[in-house]
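Once you've had a glance at the structure underneath, I'll fire off some questions.
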């Protein structure tokens, strides 16, 4: 079972999604367990402040380190050490390989920041895997955290209705994009399903799908294709054996 701890200031923003569809069924089946932790309750003082003005001036408010450290230490003291994930615009791009690795972990902890950002000592004082969904800024880390959780949970054995669903999809087999999919009706508004998919020839279907995946990847994401090795440089003229005569100098 994969155990996930999601630290957020807005539990209501994530709880409904976590209980819906595949994630909800995975939790009901005991394959995944997601704990939503409001880290405001770890703040000190009557009003439990979690943010303050930045030193040096400037707009916005910055998350204080005290409630974050206290929340992480409570989670790990209660449940055990976690793989810590920090959602931040300056993290490395989240990709399928991250999800595959996270699915093999016992426990994950995801921290959703808010406002102008977080006190740098949160980064300095604890070890994190820092991730971003892309080169854009959101109001908080809740949406990226949900994306990481869903991408990871669906790779846990038994979560999907058919385990091969996670094998034959984009970024899985060979790192290619997925091939096109079709279902009934066979013709819709003049657009027909390719004949090969109706042929019953499983080998031909497999070849077609592979060819289409390669074509789609080449057209849309050529960066995913393996680089072709460059030709080896020719040896300097006059050095080493003569390839034509296979003789060496004496």
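The numbers here are math on the coordinates, done by the rules we state, and not lab data. Every value quoted in this text rests on a predicted model; they were computed, and no experiment measured them. Cβ: placed from backbone, ideal geometry, glycine included. Neighbour counts: every protein chain shown.
Whole percent per 10 Å bin, from 0 to the bin with the longest distance: what is P(r) over all C-alpha pairs of the chain?
Here the calculated profile for the chain is 6, 22, 25, 18, 13, 9, 5, 2, 0, 0.
Could you grab the relative contact order for the chain? Cα pairs under 8 Å, six or more apart, rounded to a whole percent. Please report the intermediate quantities before stating the final value.
Working: 327 pairs, mean separation 44.4, N = 250.
Computed value for the chain: 18 percent relative contact order.
Moving on. For helix 65-79, what angle does its Cα long axis make with the longest principal axis of the chain, in degrees from 0 to 90 and rounded to 10?
70
What FRET efficiency comes out for the pair residue 29/residue 55, r = Cβ-Cβ distance, R0 = 45 Å, nearest 0.05? Mind showing how you got there, number by number?
Working: r = 48 Å, r/R0 = 1.06.
It comes out at approximately 0.40.
Now, a different point. Please work out the FRET efficiency for the pair residue 127 and residue 105, using the Cβ-Cβ distance as r and a Förster radius of 22 Å; give the result to the nearest 0.05. Present the calculation step by step, with values, prior to reporting the outcome.
On the way: r = 14 Å, r/R0 = 0.63.
Between residue 127 and residue 105 the formula returns 0.95.
Considering only 194, 157, 93, give the residue with the highest GNM mean-square fluctuation for the chain, with springs between Cα atoms whenever their separation is below 10 Å.
Looking only at 194, 157, 93, the biggest GNM fluctuation is shown by 194.
At a temperature of 37 °C and a viscosity of 0.692 mPa s, determine how fast the stretch 1-76 diffuses translationally according to Stokes-Einstein, using the Kirkwood radius over alpha-carbon pairs as Rh; express D in µm²/s, rounded to the nearest whole number. Numbers along the way, then the final one.
Numbers: Rh = 14.2 Å.
For the chosen part, D equals 231 µm²/s.
Right, something else. Take the chain, connect every pair of alpha-carbon atoms lying under 10 Å apart with a spring to form a Gaussian network, then pick out the residue of 108, 138, 155 with the largest mean-square fluctuation.
For the chain, modelled as a Gaussian network with Cα springs under 10 Å, the answer is 138.
Please rank 188, 69, 102, 94, fewest neighbouring Cβ atoms within 10 Å first, as an exposure proxy. Mind dumping the intermediate values first?
Working: 188 11, 69 17, 102 24, 94 20.
In order of increasing Cβ crowding within 10 Å: 188, 69, 94, 102.
Just to confirm my numbers, what's the Cα centroid distance between the stretch 117-160 and the stretch 2-17 in Å?
Here the two parts' Cα centres lie 12 Å apart.
Tell me, how many Å apart are the Cα centres for the stretch 212-227 and for the stretch 48-98?
36
At R0 = 30 Å, how high is the FRET efficiency between residue 181 and residue 227 if r is their beta carbon distance? Nearest 0.05 is fine.
On the way: r = 29 Å, r/R0 = 0.96.
The formula returns an efficiency of 0.55 here.
Test of understanding: in a Gaussian network model of the chain with alpha carbons linked when under 10 Å, which of 43, 70, 192 would top the mean-square fluctuation ranking?
With Cα springs under 10 Å in the chain, the top fluctuation among 43, 70, 192 is at 192.
On to the next question. Under 14 Å from a point placed 7 Å out from the Cα of residue 73 along the Cα-to-Cβ direction: which residues of the stretch 115-136 have their backbone N that close?
Once the point is set 7 Å along Cα→Cβ of residue 73, 122, 125-126 turn out to lie under 14 Å by backbone N, inside the stretch 115-136.
Here is a follow-up. Let me have the 222 nm mean residue ellipticity of the chain computed from DSSP H runs of 4+ only, each contributing -39500 (n - 2.57), with the sum over all residues rounded to the nearest 500.
On the way: 7 runs with 74 residues, N = 250.
The helix contribution divided over the chain gives -9000 deg cm²/dmol.
So, one more: If each residue's Cβ is checked for other Cβ atoms within 10 Å, how do 130, 150 rank with the fewest at the top?
Values: 130 15, 150 18.
If I rank by nearby Cβ atoms, fewest first, I get 130, 150.
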